[in-house]
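Below is one structure, written out as structure tokens; comments come after it.
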Amino acid sequence: MTVKTQDDEYSALTAAGNTVYVYEAPVRLWHWLNALSIVILAVTGYFIASPPPSVAGEASENFLMGYIRFVHFATAYVFTIAFLVRIYWAFVGNHHARQMFKLPVTDPAWWSGIWQELRWYLFIVKLPRKYIGHNPLAHLMMFFSITLGAIFMIATGFALYGEGAQEGHWSHMIFTSWVIPLFGQSQDVHTWHHMIAWTFVWFVMIHVYAAIREDIMSRQSMISAMISGERTFRE
Amino acid sequence: MSIETFYEVMRRQGISRRSFLKFCSLTAASLGLAPSFAPKIAHAMETKPRTPVIWLHGLECTCCSESFIRSAHPLAKDVVLSMLSLDYDDTLMVAAGHQAEEILAEIRKKYKGNFILAVEGNPPLNEDGMFCIHGGRPFVEVLKETAADAKAIISWGACASWGCVQAAKPNPTRATPVHKVITDKPIIKVPGCPPIAEVMTAVVTYMLTFDRIPELDRQGRPKMFYGQRIHDKCYRRPHFDAGQFVEEWDDEAARKGYCLYKMGCKGPTTYNACSTVRWNGGVSFPIQSGHGCIGCSEDGFWDKGGFYDRVTDIKQFGVESNADTIGATVAGVAGAAVVAHAAVSALSRARSGSNDQNNGGK
Ligand code: HEM
Ligand code: HEM
Ligand code: SF4
């Protein structure tokens, strides 16, 4: 088969019945590890702000708040390291691995894709377009909620962590020393870490719903693509 | 006239050599220095000409001065205060009126570039500074003039450091912290409403004896007193880690002295020395008397939501609600939208599915 232009390649690849390898193993592994850490971080984070009812007994016999915070911080390290590895993979992986980190804002096709997707979700158009990678609307949401969101949570999270770890700890040097002065004081950093935590909850609700719905209704496989890495096209 | 040394001033004030040496070791201890520093402090005080301090008052409530004169180490207070009152502090000195203003002018001339300017309160900038008048002129003018001749500036309290209550929204007089008005001098912020007396005397003593500014953090506060949060050294911290909290002001947990986190204690976000130095000569501090920290040494603490809320309101959105209310509301709307969308999707799919069948399916 001779491939002449990209469009040709696109339509050839997305022909019904075709299967394309899209998400490489590190991307898939990151996806599920990231999903798991976000769930743990959101739950433990909620309990850090609104702790469960007091436990009885001597203080030295209990360490409930300590454990909740420990799980939050340990998961935060997993989340952060996984994110760094994911960034590394954006450089060495296939071009789908880079998609999450940049928005093709100069590409009119991308904008029209967003418009098309919006109309698809509003039941105006009957058939969605086919995409080898993320659809433009999902792409937009992932970039803001996850790419930027993770950077924000890591910066503010480690800034708060460095307050307890204190001067001399790497987190204090790299984050606390400038994030706290940037916000003015620690309390606003807590408040915004907490507010942006909720945007992750919103993202997950919509993302999981959309993934399941698209799996059933769109013209390509979804959930299995994030498991095997292979996307199969229908119709 | 040659300038007296600190030691000479102290002796003239009737302080014995023995007391003087005690003061030196006390100061070394309160600054967190090794005992070997006591003789160094003594030597410096014996040989160095004393640095005069001018203490100006802007828009403030005098709680900084009130705290200062209650310094627990009586020696430190006597020493520093006598050194200060010799110069200029309009609420503490004996002189008044024109006589007082002459002293100010004289010190500025005589010690040009050599005196420390301590500012309590801040200048309001609206209406050309007319909301605070000092000797018949807007305070902001006096501040700028005096600062121009000073070696360094100490910003006493939350007012001078951040703005405090007079700068709280909507800040009708446009009260402005000192560092936003004076930008060409080293400024040491000693925030708190008021700051702890011992912290104040120690900062002054450090600067007078070592002739340099204590090490500051990024926000200009001396690290030795503002390097840690209340929460890092709070004696109720074991209850925090255990998960034992006061839930109501009059509950059993309150009587047991559990952690005040759920009552909105701002200890986890407040940098100050209250939980180590404490107040009134180490007698107590707010948390020890059963009330959470209100974060009085932090920037804008009046505008950060309730003193009694753990998750405080976000004011930026116009409506006063906290992250949990906003978060849960949007999540609720999103959840309802998802359910509705799923229902419509299922319906439209069922309909198009039957169409497909009519057309022979696929
Ligand atoms: C906390 C939960 C989750 C988060 C934060 C999350 C986040 C993400 C992100 C950032 C991507 C883009 C991956 C990349 O470009 O490297 C993605 C893709 C994907 N996720 Fe999730 N995810 C979560 C849970 C789930 C769940 C539970 C499912 C399955 C039901 C799922 C299915 C998918 C699918 C199918 C894709 C590929 C979408 C496409 O090809 O356009 N995700 N997810
Ligand atoms: C998606 C990721 C994350 C979510 C959803 C999340 C959620 C939360 C929430 C809701 C809070 C309570 C905020 C408050 O009101 O004080 C919190 C606190 C905190 N988080 Fe995170 N967080 C995330 C990532 C991180 C990361 C990467 C770190 C880095 C170490 C981190 C460190 C902290 C710290 C130190 C606190 C304050 C704990 C305390 O004051 O005792 N978080 N987090
Ligand atoms: S009372 Fe306040 S400062 Fe003390 S441990 Fe509890 S939250 Fe921290």
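The values are calculated or read from the model by the stated rules, or taken from the named source; none is laboratory data. Predicted model, so just to flag it, every value in this text is computed and none were measured. Note: ideal-geometry Cβ built from the backbone for every residue, glycine included; neighbour counts use all protein chains shown. For accessibility, only protein heavy atoms count, side chains too; no ligands or nucleic acids. Shrake-Rupley method; radii C 1.70, N 1.55, O 1.52, S 1.80 Å.
Between Rg and the Kirkwood Rh of segment A:14-66, both from Cα atoms, what is the Rg to Rh ratio? Don't jump to the answer; show the numbers that get you there.
Working: Rg = 21.0 Å, Rh = 15.1 Å.
In segment A:14-66, Rg relative to Rh is 1.39.
For segment B:6-226, which whole-number percentage of the solvent-accessible area (1.4 Å probe, protein heavy atoms only) is attributable to carbon and sulfur atoms?
Details: 5030 of 9240 Å².
The C+S portion of the solvent-accessible surface of segment B:6-226 is 54 percent.
Can you tally the net charge around B:Gln244? Count Lys and Arg as +1, Asp and Glu as -1, for every other residue whose Cβ sits under 13 Å from the Cβ of B:Gln244. Let's see the in-between values first.
Values: positive: B:Arg236, B:Arg237, B:Arg255, B:Lys256, B:Lys262; negative: A:Glu58, A:Glu61, B:Asp241, B:Glu247, B:Asp251, B:Glu252.
For residues surrounding B:Gln244, the net value is -1.
With every protein chain kept in place and ligands, DNA and RNA left out, what is the accessible area per residue of chain B? Probe 1.4 Å, answer in Å².
Details: 16260 Å² over 362 residues.
Heavy-atom SASA per residue in chain B reads 45 Å².
Based on a Kirkwood Rh over C-alpha pairs, give the Stokes-Einstein translational diffusion coefficient of segment A:16-232 at 37 °C and viscosity 0.692 mPa s in µm²/s. Each step should come with its number before you reach the end.
Values: Rh = 19.4 Å.
Value of D from the Cα-based Kirkwood radius: 169 µm²/s.
Give me the accessible area buried between chains A and B, both sides summed, with a 1.4 Å probe, in Å² rounded to the nearest 100. Write down the numbers at each step before the final one.
Values: alone 13880 and 18290 Å², together 28120 Å².
In total, chains A and B hide about 4000 Å² from solvent.
Label B:Asp232 and A:Leu36 with points 7 Å out from Cα along Cα→Cβ: what is the distance between them in nm?
If labels sit at B:Asp232 and A:Leu36, their model points lie 3.5 nm apart.
Per residue, how much accessible surface does segment A:16-232 expose to a 1.4 Å probe? Answer in Å², no decimals. Walk me through the numbers before you get to the answer.
Numbers: 10350 Å² over 217 residues.
Ligands and nucleic acids excluded, the result is 48 Å² per residue.
Mind jotting down the three principal axis lengths of segment A:34-104 based on Cα atoms? Whole angstrom, largest first.
Sorted from largest, the Cα extents of segment A:34-104 read 56, 20, 13 Å.
Fully extended, how many nm does the chain gain between B:Ala336 and B:Phe317 (0.36 nm per residue separation, minus their Cα-Cα distance)? The partial results should precede the final answer.
Working: separation 19, 0.36 × 19 = 6.84 nm, distance 2.29 nm.
That works out to 4.5 nm of additional length.
Segment B:80-167: percent of C-alpha pairs farther apart than 19 Å?
Details: 1565 of 3828 pairs.
The proportion of pairs with Cα distances above 19 Å equals 41 percent.
If N is the number of residues in chain B, what value comes out of its Cα radius of gyration divided by 2.2 N^0.38 Å?
Working: Rg = 27.8 Å, N = 362, 2.2 N^0.38 = 20.6 Å.
Output field value: 1.35.
Angle check, please: helix A:25-49 long axis (alpha carbons) against the longest principal axis of chain A (alpha carbons), in degrees 0 to 90, nearest 10.
40 degrees
Provide, as a two-decimal number, the C-alpha radius of gyration of the protein assembly as shown over 2.2 N^0.38 Å, N being how many residues it has.
1.27
Can you list the residues of segment A:206-235 whose accessible area drops by at least 50 Å² going from the chain on its own to the full set of protein chains, with a 1.4 Å probe?
A:Tyr209, A:Met217
Can you list the HN-Hα couplings for segment B:286-296, worked out from phi with the Karplus curve (6.51, -1.76, 1.60; θ = phi - 60°), rounded to whole Hz and with x for Gly and Pro?
x, 4, 5, 8, x, 10, x, 5, 9, x, 5
Just grab the label-to-label distance for B:Ala105 and A:Ile174, each label 7 Å out from Cα along the Cβ direction, in nm (one decimal).
5.9 nm
If the chain between B:Glu66 and B:Ala168 were fully stretched, how many nm would it gain, using 0.36 nm times the residue separation less the Cα-Cα distance? Before the final figure, lay out the partial values.
On the way: separation 102, 0.36 × 102 = 36.72 nm, distance 2.22 nm.
Additional length available on full extension: 34.5 nm.
List the lysines whose Cα lies under 27 Å from the Cα of B:Lys48, skipping any in the same chain that are fewer than 8 positions away.
Counting by Cα, and skipping residues close in sequence, B:Lys48 has these lysines nearby: B:Lys22, B:Lys40, B:Lys77, B:Lys109, B:Lys110, B:Lys112, B:Lys151, B:Lys185, B:Lys189, B:Lys223.
Specify the longest stretch of chain B that does not include any exposed loop site, a site being one of the chymotrypsin sites (Phe, Trp or Tyr not before Pro) with a non-H, G, I, E, B DSSP assignment and at most 14 other Cβ atoms within 10 Å.
Result for the longest clean stretch: B:1-234.
I need the GluC sites (Glu not before Pro) found in segment A:1-99, filtered to DSSP loop residues with at most 11 other beta carbons within 10 Å of theirs. Don't jump to the answer; show the numbers that get you there.
On the way: sites: A:Glu9, A:Glu24, A:Glu58, A:Glu61; in loops: A:Glu24, A:Glu58.
Of the GluC sites (Glu not before Pro), the ones in loops of segment A:1-99 whose Cβ has at most 11 other Cβ atoms within 10 Å are A:Glu58.
How crowded by other chains is A:174-184, given as the mean number of beta carbons from other chains within 10 Å of each beta carbon?
On the way: counts 0, 0, 1, 2, 1, 0, 5, 5, 1, 1, 6.
Per-residue shielding by partner chains comes out at 2.
Measure off 7 Å from each Cα along the Cα-to-Cβ vector at A:Glu61 and B:Leu21, then give the distance between these two points in nanometres to one decimal.
Computed distance between label sites A:Glu61 and B:Leu21 equals 5.3 nm.
Expressed in nm to one decimal, what extension gain is obtained for the pair A:Leu127 and A:Lys102 from 0.36 nm per residue of sequence separation less their Cα-Cα distance?
Details: separation 25, 0.36 × 25 = 9.00 nm, distance 2.66 nm.
6.3 nm is the gain from fully extending A:Leu127 to A:Lys102.
Return the long-range amide H neighbours of A:Gln220 (sequence gap of 5 or more, or a different chain), with a cut-off of under 5 Å between placed amide H atoms.
Excluding prolines and chain starts, which carry no amide H, the hits are A:Arg234.
What trypsin sites (Lys or Arg not before Pro) does segment A:38-147 have in DSSP loop regions with at most 12 other beta carbons within 10 Å? Please list the in-between numbers first.
On the way: sites: A:Arg69, A:Arg86, A:Arg98, A:Lys102, A:Arg119, A:Lys126, A:Arg129, A:Lys130; in loops: A:Lys102, A:Lys126, A:Arg129, A:Lys130.
Sparse-neighbourhood loop trypsin sites (Lys or Arg not before Pro): A:Lys102, A:Lys126.
Tell me the mean residue ellipticity at 222 nm calculated for chain B from its helices only (DSSP H runs of n ≥ 4, each -39500 (n - 2.57), averaged over every residue, nearest 500).
Details: 15 runs with 153 residues, N = 362.
That comes out to -12500 deg cm²/dmol.
Helix-only mean residue ellipticity at 222 nm, chain A, DSSP H runs n ≥ 4 weighted -39,500 (n - 2.57), per residue, nearest 500. What is it? Don't skip to the answer; put the middle values down first.
Values: 10 runs with 147 residues, N = 235.
Taken over chain A, the calculation gives -20500 deg cm²/dmol.
What trypsin sites (Lys or Arg not before Pro) does segment B:155-239 have in DSSP loop regions with at most 12 other beta carbons within 10 Å? Walk me through the intermediate numbers first.
Working: sites: B:Arg174, B:Lys180, B:Lys189, B:Arg212, B:Arg218, B:Lys223, B:Arg229, B:Lys233, B:Arg236; in loops: B:Arg174, B:Arg212, B:Arg218, B:Lys233, B:Arg236.
Answer by residue number: B:Arg212, B:Arg218.
Given 10 Å bins starting at zero, what is the percent of C-alpha pairs of segment B:194-264 in each, up to the one with the largest pair distance?
In whole percents, the pair-distance histogram is 18, 33, 22, 20, 8, 0.
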